Amino acid sequence: MSDPGSRAGTAKDGARIVSAARGWIGTPYLHQASCKGGGAACLGLVRGIWREVLGTEPLTLPAYTPDWSEASGDEALLTGADALLLPVSPGTQQPGDVIVFRMRAGAVAKHLGLLAGTGAAARFIHAYSGHGVVESPLTPPWARRIVAHFRFPARG
């Protein structure tokens, strides 16, 4: 069996992902959308970066409501990320990694972003309702909501 880490993107891949994500900054927020400059939701931003960096998306997503998974408690976002991306061990995060957030304690994970910087200058890029695609400091209120980090697979 191969080591999942061997399929992970490199720091160079991470820089390419961050550069691509910064190209989406200013895209308005639009639920379910994934169109650079036209509209994007947080999942749409990650999908768009996948297309730019890796090529064709691995699956077609069904329509979903803004409150998706909440009533059922299904961790659809975490399950999907775990199926398509590579888990990142704590302390090994690098720019370009996908961050999954739980917006409230006890709620399902419902927000994604892309790590743009680490350490004291930690930042992330995300599509945020009411703001569009923005680059934000990874402040303590955001950091405490993180439930997982994932990495895009290597191009290939």
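Convert each backbone phi in region 129-138 into a coupling constant with the Karplus relation 6.51 cos²θ - 1.76 cosθ + 1.60 (shift: θ = phi - 60°), then list the ³J(HN,Hα) values in order as whole Hz, x for Gly and Pro.
3J(HN,Hα) across region 129-138, in whole Hz: 3, x, 10, x, 7, 9, 9, 10, x, 8.
Using a 10 Å cut-off on Cβ atoms, rank the peptides 35-46, 120-131 from the highest mean neighbour count down.
Details: 35-46: 20.6, 120-131: 16.5.
Ranked by mean Cβ neighbours within 10 Å, highest first: 35-46, 120-131.
For the chain, what does the relative contact order come out to in percent, with C-alpha contacts under 8 Å and a separation of six or more?
Numbers: 288 pairs, mean separation 47.3, N = 156.
It rounds to 30 percent for the chain.
With a 1.4 Å probe and all protein chains in place, put Thr118, Thr56 in order of accessible area, largest first. Don't skip to the end; give the middle numbers.
Numbers: Thr118 70, Thr56 125 Å².
Result of the area sort, largest leading: Thr56, Thr118.
For the charge dipole of region 80-156, defined by +1 on Lys and Arg C-beta atoms and -1 on Asp and Glu C-beta atoms about the Cα centroid, which residue among Ala107, Gly117, Ser129 has the Cα displaced farthest towards the positive pole?
Positive-most Cα among the choices belongs to Ala107.
Please report, as a whole percent, how much of the solvent-accessible surface of region 76-123 comes from carbon and sulfur atoms (probe radius 1.4 Å). Mind showing how you got there, number by number?
Numbers: 1200 of 2100 Å².
Heavy-atom surface of region 76-123 belonging to carbon and sulfur, 1.4 Å probe: 57 percent.
Hey, can you find the accessible area per residue of the chain for me, probe 1.4 Å, expressed in square angstrom? All intermediate terms of the calculation are to be shown ahead of the outcome.
Details: 8000 Å² over 156 residues.
Accessible surface, normalised per residue, equals 51 Å².
What 222 nm value per residue comes from the helices of the chain, counting each DSSP H run with n ≥ 4 as -39,500 (n - 2.57) and dividing by all residues, nearest 500 deg cm²/dmol? Don't jump to the answer; show the numbers that get you there.
Working: 4 runs with 37 residues, N = 156.
Here the helix-only value at 222 nm equals -7000 deg cm²/dmol.
Which label belongs to the value computed from this structure, given these candidates for Cα Rg over 2.2 N^0.38 Å: (1) 1.09; (2) 0.97; (3) 1.19?
Read-out from the structure maps to (2).
The values are calculated or read from the model by the stated rules, or taken from the named source; none is laboratory data. Everything numeric here is computed off the predicted structure, so don't read it as measured data. With ideal geometry, Cβ positions are generated from the backbone for all residues, glycine too; neighbour counts draw on all protein chains shown. We work out accessible area using only protein heavy atoms, side chains counted, and drop any ligands, DNA or RNA first. Shrake-Rupley method; radii C 1.70, N 1.55, O 1.52, S 1.80 Å.
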